[in-house]
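The values are calculated or read from the model by the stated rules, or taken from the named source; none is laboratory data. Predicted model only: the values in this text are computed from it and were never measured. Neighbour counts run over all protein chains shown; Cβ positions are idealised from the backbone, glycine included. SASA here: full protein model, heavy atoms, side chains in, ligands and nucleic acids out. Shrake-Rupley method; radii C 1.70, N 1.55, O 1.52, S 1.80 Å.
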Amino acid sequence: MSDTQMHLAAFVTAGPGRPGGWRYPGSVPGWLHQGYYQNIARTLEEGRFDLAFFADILSVPHRFGGSTDSQLRNGALGSLRLDPLHVLASMGAVTERLGLAATVSTTYAQPYTVARSFATLDHLTGGRAAWNIVTSFQEAEARNFDRDSQFPRALRYERADEFLEVAGKLWDSWDDGALVLDPAAPLFADPERVRAVDHAGEFFTVRGPLNVPRPPQGYPVLIQAGASAKGKDFAARWSDVIFCSHASLESAQAFYTEIKERAAAHGRDPRTVKILPSITPIIGPTTAIARQLHDELFDLVPPLGGLSTLAYHLDVDLSTFPLDERLPEVEVPGVEGHYREVREITERDGLTLRQLGKQYGGRVEGGFVGTAAEVADGLEQWFTGGACDGFTVQAPYQPGGFEDFTRQVVPELQRRGLFRTEYTGHTLRDHLDLPRVESGEWTRRIPAARKALS
């Protein structure tokens, strides 16, 4: 795919996801069945998507009023989430080209386990695995992993940097071709080409080597979403793909420019860092029908469901503020990018907290509502206007939202020459125009990472 063509990821939820979306009559509640996800995978591969991307959460949030009630009652963000790696394995079994991305936290996992899991997925899918790297920040998650409170933000990123360092060393612990499989010799694997990593750091001590050969892609594609200063620097240093969210074209353009500059400052080619902002397109045969669908979906959003999701993202108990007044300025331990987004919306539209909850739960990220041609017009404006390298498509309801986009918007983008008509490679790195990572490159990145932390 050339620089004149965009990349597309699909943000799939292994659960109900958006408050209100699961209530829509067109939604199919098949979240506990593998066939549900396999059908979505087939649809996305039919549309020549680069990858399917699963977020994750390690708790049922109780940040709103100290209770899980609003999450569970409203089918909000963390009410139900299956383990994404298992879901992706089932999707990989019925597809041949679609990239497969899972979220795994560096805060409550171990590098050996994660490196092994993604190396396994990469082998089983012929080089289609991706890891969305997160640093968990919720107290509810901490309490599920033997802690009374979460790590401070700075410490989370320091731990994540070392986590990435160890994972890379483990993927490099087997040379390419170390698995010989010569029954006559006999020589199964060449001991001279498999080595211990002997890592002893501040957070991890790992001997190695990995017990899985080097992944087909060198290492899986790395995805990260970071909006704080440390998060953006971490993403620019390590990520192949950056997932983000913006309330306007202008903020997307500013973020795009900043990240590309940060990547260059780390000695990376900015073209190898793909920025894919989240969008939630609502598509209809006419503009009026699309807007009617938008209104129907919006009416189904319970304000407290959206507000409890926002409380989780910000890590702020929003139940302590008057619902019919504006969101005040607050210190945000959680996702700074979401806070900036809702502050922009609040100031622009003059929303009360109650209205903000409904708006946040039913938000149409990017504002793309209309016919397939109108949605494509908006995507083209962002893409050619220096705001992104493509998009992460969320469905307003599953699976229909993905079917609508794939069968209506994708052909329009293809007619304009903005998106591929066929896959030209097999691995996810092929789709993203990223080279296979050669052995030792990870180790060469580590001094720059340490310098950035000092």
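Points worth noting:
- Ranked by how many other beta carbons lie within 10 Å on average, peptides 181-194, 392-405, 154-167 from highest: 392-405, 154-167, 181-194
- Helices in the chain, meaning DSSP H runs of at least 4 residues, each add -39500 (n - 2.57). Divided by all residues, the mean residue ellipticity at 222 nm is -12000 deg cm²/dmol.
- Taking Cα atoms only, the orientation of helix 153-171 departs from the longest principal axis of the chain by about 40 degrees.
- In the chain, the longest principal axis of the Cα atoms and the axis of helix 287-299 are about 90 degrees apart.
- Within the accessible area of the range 289-351 (1.4 Å probe), percent carbon and sulfur: 51 percent
- Measuring r between the beta carbons of Asn211 and Asp176 and using R0 = 25 Å, the FRET efficiency lands at 0.90.
- Accessible surface for the range 277-425, divided over its residues, is 38 Å² per residue with a 1.4 Å probe.
- Taking each residue as 0.36 nm, the span from Glu344 to Ala185 lengthens on full extension beyond its C-alpha to C-alpha distance by 50.5 nm.
- Sequence-separation-based contact order of the range 257-332, relative, with Cα cut under 8 Å and 6+ spacing, percent: 13 percent
- The lysine pair count for the chain, using Cα distances under 28 Å and pairs eight or more places apart or on different chains, is 14.
- Ranked by how many other beta carbons lie within 10 Å on average, peptides 43-50, 249-256, 406-413 from highest: 43-50, 406-413, 249-256
- Helix 249-265 axis versus longest C-alpha principal axis of the chain: approximately 20°, rounded to the nearest ten.
- Over the range 57-214, accessible surface divided per residue gives 43 Å², non-protein components excluded, 1.4 Å probe.
- At R0 = 22 Å, FRET efficiency that the Cβ-Cβ distance of Ala254 and Asp3 yields, to 0.05: 0.60
- Three-way shape label, the range 129-217, alpha-carbon gyration tensor, a/c 1.5: prolate
- Charge tally for Gly390 (other residues, Cβ to Cβ under 10 Å; Lys, Arg +1; Asp, Glu -1): -1.
- Accessible surface of the range 189-269 [probe 1.4 Å, protein heavy atoms]: carbon and sulfur percent: 49 percent
- Working from label points 7 Å from Cα in the Cα-to-Cβ sense, the Glu192 to Thr287 distance is 7.1 nm.
- Within the accessible area of the range 1-71, the carbon and sulfur atoms contribute 52%, probe 1.4 Å, all protein chains present.
- For the chain, the antiparallel share of DSSP beta bridges with both residues in that region comes to about 15%.
- Once Rg and Dmax of the Cα atoms in Å is calculated for the structure shown, the corresponding label among (i) 23.2, 74; (ii) 20.0, 58; (iii) 21.6, 78 turns out to be (iii).
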